[in-house]
Amino acid sequence: MNHGDGKAVVSFRYGTTLSLAADTATPLFGHTVALTASVGSSNPAAGTPGGTVTFSDGTKQLATVALTGGRAEFRTGALRPGAHPVTATYSGDPAYAESVTTGATEVTVGFSRPCITNAHRGPLTVAGGESRCIAPGGSQTGPVTVRSGGALAVTGAGITGPVSADGALAVAVCGSQLTGPVAIGRTGGPVLIGSDDAAIDCAGNTIRGPVTLNANTGGVEVGANTFIGPLSCAANAPAPHLSGNGVEGPRSGQCR
């Protein structure tokens, strides 16, 4: 209630409810999950709610999306492996009050088959549509190839041999030891090679051999790594985010 010139002006907004649904509760790593928020009104006669919805993964904001017809959709293939408690918050508008989801929508990102957790020798190929992982305790001796439409996550593992990915959905390498050339190009989703951001939970790596990151379009983050060999980046859009790396070799292109 606002007072002015002896008159009282009362502001009133109708109540709302907010629901959130995922098109799948168990997406594969690198594959897209669609999150849809719907705003309900205590008085539909007042019109369709406007404003925005903010999607969050725990305390981390993912995106803010404008409502259309009382609904907002956010699609992402950037969720890390594991469980994600996703919530939504409605901003409100002149006619409708803010609201939040009453609980989290659980989304658990996984893989096509069990992770490699022991010694594997010979070629390892990730086919299109597959999401594969090498987990702590696992090691790979031999070439690793990620085909177009495949996705690979390596965490706390060792790889001896070349690693190549062309047209992958996503690639993540965290807290691992790699020996051999690494070439990642034309990835449509995120490329994550270590991070000095504790919230991302991806420790830096030691990579012995040339590393090439070219024409990736889903975002490239390279952090807290030790590179023993040349590091080359070109035609990545957006440009890579680099921080806290040690490079014992020449840098070129976007990685200077």
Exercise. Among the numbered conditions (1) in a loop (DSSP other than H, G, I, E, B); (2) surrounded by fewer than 17 Cβ atoms within 10 Å (Cβ to Cβ), tell me where Ala168 comes up short.
Key: (2)
Exercise. Could you please let me know if Leu35 is surrounded by 20 or more Cβ atoms within 10 Å (Cβ to Cβ), in contact with a strand residue (DSSP E or B) (Cβ under 9 Å, 6 or more places away or on another chain) and within 30 Å of Gly180 (Cα to Cα)?
Key: no
Self-check item: Candidates Pro85, Pro81, Pro44, filtered to the one that is without any contact (Cβ under 8 Å) to a residue 60 or more places away in the chain, within 30 Å of Thr155 (Cα to Cα) and not assigned by TED's automatic domain parsing to the domain that holds Ala151
Solution: Pro85
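Looking at Gln140, Gln177, can you tell me which residue is touching a His at 6+ places or on another chain (Cβ under 6 Å) and either of a type outside the set (D, E, K, R) or not assigned by TED's automatic domain parsing to the domain that holds Thr217 (or both)?
Gln140 is the lone residue from the list that is touching a His at 6+ places or on another chain (Cβ under 6 Å) and either of a type outside the set (D, E, K, R) or not assigned by TED's automatic domain parsing to the domain that holds Thr217 (or both).
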Exercise. Quickly run through segment 58-111 and pick out the residues that are part of a strand (DSSP E or B), surrounded by fewer than 17 Cβ atoms within 10 Å (Cβ to Cβ) and of a type in the set (A, V, I, L, M).
Key: Ala63, Ala66, Ala83, Val100
Self-check item: Residues (farther than 21 Å from Leu178 by Cα and either in contact with a Phe, Trp or Tyr (Cβ under 9 Å, 6 or more places away or on another chain) or surrounded by fewer than 17 Cβ atoms within 10 Å (Cβ to Cβ) (or both)) located in segment 198-221
Solution: Ala198, Ala199, Ala215, Thr217
Quiz item: For segment 246-256, what are the residues that are under 24 Å from Gly188 (Cα atoms) and touching a residue at least 12 places away in the same chain (Cβ under 8 Å)?
Solution: Arg251, Ser252, Gly253, Gln254, Cys255
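The values are calculated or read from the model by the stated rules, or taken from the named source; none is laboratory data. Worth saying up front: this structure is predicted, and the values here are computed from it rather than measured. Counting neighbours? That spans all protein chains shown, and the Cβs are built from the backbone with ideal geometry, glycine included.
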